[in-house]
Amino acid sequence: MKTHIKELEDIAMSYLEQSGEKPNFANRDFMNTVIIFQTALMDKMYDTQEYDEMDLENRLKMAESCGMALRKLIHTYTNLDTHDIENFI
């Protein structure tokens, strides 16, 4: 799997250098950042599951719970529902 390590570093540094300016993300741009974050989150969650030697059933429950919590967080603070794909086209 391609990790885009260099590109992510470049993007992160460019935002840190913006001096607090509002980036004005369109909904689609926001969803792209959510996809990147969710991928990184699930990768780290997998590491935790491996460390805890979690069985498949509990891994699936944890992943679903994490996804639902992220959806709720996003909806609470942005009023966007990540399951309503029409918001992001």
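Selection of the range 66-76 for residues being closer than 16 Å to Phe37 by Cα and without any contact (Cβ under 8 Å) to a residue 12 or more places away in the chain yields Met68, Ala69, Lys72, Leu73, His75. Reported count of residues in the range 1-17, each being surrounded by 10 or more Cβ atoms within 10 Å (Cβ to Cβ) and either assigned to a loop (DSSP other than H, G, I, E, B) or in contact with a Gly (Cβ under 8 Å, 6 or more places away or on another chain) (or both), is 2.
Could you look through the range 41-57, keep only residues that are surrounded by 12 or more Cβ atoms within 10 Å (Cβ to Cβ) and either over 25 Å from Thr3 (Cα atoms) or not polar (S, T, N, Q) (or both), and pick out the one that is nearest to the chain's Cα centre (by Cα)? Checking each candidate, the answer is Leu41.
How many residues, within the range 23-39, are of a type in the set (S, T, N, Q) and touching a His at 6+ places or on another chain (Cβ under 9 Å)? Adding up the residues that qualify gives 0. Considered as a group, the residues in the range 18-37 that are exposed (fewer than 10 other Cβ atoms within 10 Å of the Cβ) and among the charged types (D, E, K, R) include one that is nearest to the chain's Cα centre (by Cα), and that residue is Lys22.
We did not get these values from a lab; they are worked out from the coordinates using the rules stated. In this text, all values refer to a predicted model and were calculated from it rather than measured experimentally. FYI the Cβ positions are ideal-geometry reconstructions off the backbone, even for glycines, and counts take in every protein chain you see.
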